[in-house]
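The structure under discussion appears below in the form of structure tokens.
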Amino acid sequence: MKRRTILTLSCLVAGLSAGTSFAQSRNESIDSITVTATRVPVALHSTARIVTLLDSMTIASAPAETVNDLLKYALGVDVRQRGAMGMQTDISIRGGTYNQVAVLLDGINITDPQTGHNSFDFPVNLCDIERIEVLEGPAARVYGTSSLLGAVNIVTRKAPENAVTASVEGGSFGTLGATASAEIKHRGGFNGISAGYQRSDGFNRNAAGGLNNDFGAVKAFWHGAHDFGRRDLSWQAGVSNKDFGSSTFYSAKFDDQFEHTLKTFASVKSEGKGALHFTPALYWNHGEDRFELFRGAPDKYPFNYHKTDVFGANLNFRVDTRLGQTAFGAEARHERIVSTNLGEKLANPRGVYVCGLGRTAFNLFLEHHVVLGRLSASAGLTTVYNTGNKEGIRLFPGIDANFRITDAVRLYASYNTSYRMPTFTELYYSVGGHLADPNLKAEKLRALEGGVKFLGRGVRATATVYYNRGYDLIDWIMDTSVGDDAPWKSVNHMRLNTFGQEVSLRMSLPDMLGRPGFFFRTLSLGYSHQAQDKALEANLRSIYSLEYIRHKVVAEAGFRFWDKLALDLSWRYVDRNTGSELLKPYSLLDAKIGYDFPRLNLYLRANNLLNKTWFDFGDIPQPGLWAIVGISCKLPY
């Protein structure tokens, strides 16, 4: 395999933030950020949950190109990629599956009901993002269905000034990319628009010597807000269009698979001010997916086509009184699909779309947050009804508590429950040796969590222990007593218990030492461990039975020399509990070095710096050393 390297100019708009001053304690500024780990927003340090916050500085300095790559450094998150740079990535939290995580953009649910494979096709570029909030553990009472084991909320930037940015980048394997954005402030609000492009020849070839994990992707995003006095109005719209060779992603027998995905998204939200906060929101998500088992050859095997639409409405109320803060409201979410093979047969087929299905979810929620001296607590419940199953109305309660021992030390504990409806793929994918069950129940989970947080001068540390008990969990199983040609069936087969622990430490050396100009800026260390208890009957094989991270270690260090030159190193070790000989433990080192000019930032980013051989899925190889060099510019006006 011949590697082709192109060195051109590149830009990440957010990269200009790498020179942000540490004059003010970064730990204190981060922990004062309000996050949405409960229905009532609270400061990060007061939450009774583990919320990993990737702020703008982390995004700027990390040796990552996409949101998917950034999440690899989140301790409780399992990022399993089939293709590089976010082309095909499955993301799970705390030993769950990729279908059990809710994905949100500014609090609006953009989770894909067809399959979790497509949920992380974000319509935003990194330059659009202010921060990323990762909520670990059940989140049904906060984010509704699909958040069985956590949620990822992308919070976009608000324009601080009028500015135009531009970028272009390139590197290994014929990789090229460019971004451009404009931020316009006006009286009472702002508008921001951006567009990005990426392409690569890919790092692998098929047996015939042709491209089979190449990709091309285009993203565009528009958002804005306006202050009308007693009420704010915000809006956003985006599109993501990707074409990528999917190699042997879905079957090792065929090495020339291909996929096209299109995602569009739009939402509008209004937020009131004062003692009574009334926040209605409307949103629409649209997705299209075309899968080719033989690339460009429908005569060999027909292409699979899927088209999904999601329409949603949220009504959120929050009342502030002397007794605390009370949040209540409702959500209605309608999901529908037309497809070549997912759903029931349509009475009136629409071209290639001969199957289809629709379902509607209704959620009611109530939560109260109170502060009693050193104790803060939140308790609430969500009522769920979905027309897509026969389980009727279900209640999912939860309670969180945070106790402040000192200004620096806090203890926390929580008990939460959650619920997830099956995807359309789990319900109806009955091709290629698979037999789905359209009568699957929703997955349920109960979870206990407790821990301690420390916030000191230049130091943030957490230690947590959690226990998850899942039931009616969906798995694909094969009965080998029938023979090796037995189909894989989707069933509510599993009861799964997960016991986990996480410890993390982040230090800002200039703050600790009282030396703002100290060259060693940050040091982060984290370790997570999980053990699962799942009984599997004789003669049964399970796709997900051994696929979770047993040990994960993350270490990151940031340096700044001469106030212009920045170096950031990220290392992670992953030991996956698996029955595959290829999925051995691996460790990867990534690096980014950048130099700041008044309006420019030059950088070099290298992933898998030591050129290790590694696998995330089955027999799908992952790239060796991948280097990108670039420049970014920002011009105010």
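The values are calculated or read from the model by the stated rules, or taken from the named source; none is laboratory data. If you're wondering where the values come from, they're calculated on a predicted model, not measured in any experiment. FYI the Cβ positions are ideal-geometry reconstructions off the backbone, even for glycines, and counts take in every protein chain you see. Heavy atoms of the whole protein, side chains included, go into the accessibility calculation; ligands, DNA and RNA do not. Shrake-Rupley method; radii C 1.70, N 1.55, O 1.52, S 1.80 Å.
List of remarks:
- Each residue of segment 411-512 gets 153 Å³ once the volume of the Cα convex hull is shared out per residue.
- Per-residue extension of 0.36 nm, minus the Cα-Cα distance of Tyr527 and Ser251, leaves a gain of 96.0 nm for this segment.
- Global geometry of the chain, whether rounded, prolate or oblate, following the gyration tensor of its Cα atoms and the 1.5 cut on a/c: rounded
- Fully extending the segment from His260 to Leu375 would add 36.3 nm, taking 0.36 nm per residue of separation and subtracting the current Cα-Cα distance.
- Annotation: extensible slack from Ala195 through Ala297 equals 33.6 nm (criterion: 0.36 nm per residue apart, minus Cα-Cα distance).
- For the chain, the longest site-free run once GluC sites (Glu not before Pro) in DSSP loop states with at most 10 other Cβ atoms within 10 Å are removed: 1-536
- Electrostatic dipole magnitude of the chain [Cβ: Lys, Arg +1; Asp, Glu -1; Cα centre; debye, to 20]: 1180 debye
- Share of carbon and sulfur in the accessible area of the chain stands at 61%, probe radius 1.4 Å.
- Net charge contributed by nearby residues that have their C-beta within less than 10 Å of Ala140 (K/R +1, D/E -1): +4
- Placing R0 at 25 angstrom, the Cβ-Cβ distance between Asn611 and Lys584 gives a FRET efficiency of 0.95 after rounding to 0.05.
- Each label point was placed 7 Å from the Cα along the Cα-to-Cβ direction; for His286 and Glu271 their separation is 2.8 nm.
- Efficiency of FRET from Cβ geometry, Phe362 and Phe454, R₀ 45 Å, rounded to 0.05: 0.60
- Net charge over other residues, Cβ less than 12 angstrom from the Cβ of Pro298 (K, R count +1; D, E count -1): +1
- Charge tally around Thr578: other residues with Cβ under 13 Å, Lys/Arg +1 each, Asp/Glu -1 each, net -2.
- Using a simple spin-label model with pseudo-atoms 7 Å out from Cα toward Cβ, Ala166 and Leu233 lie 3.4 nm apart.
- Protection-proxy order for peptides 225-238, 106-119, 558-571, 145-158, each taking the mean of Cβ atoms within 10 Å per residue, highest first: 145-158, 106-119, 558-571, 225-238
- Farthest positive-ward along the chain dipole, Cα basis, beta-carbon charges - from Gly398, Ile110, Asn341: Gly398
- Accessible area in square angstrom per residue, the chain, 1.4 angstrom probe: 40 Å²
- Taking label points 7 Å from Cα along the Cα-to-Cβ direction, Asn348 and Arg541 give a separation of 4.5 nm.
- Length-normalised contact order for the chain - Cα pairs under 8 Å, 6+ apart - percent: 13 percent
- Projecting the Cα atoms of Met507, Trp562, Tyr573 onto the dipole axis of segment 499-592, where Lys and Arg carry +1 and Asp and Glu carry -1 at the beta carbon, places Trp562 farthest toward the positive end.
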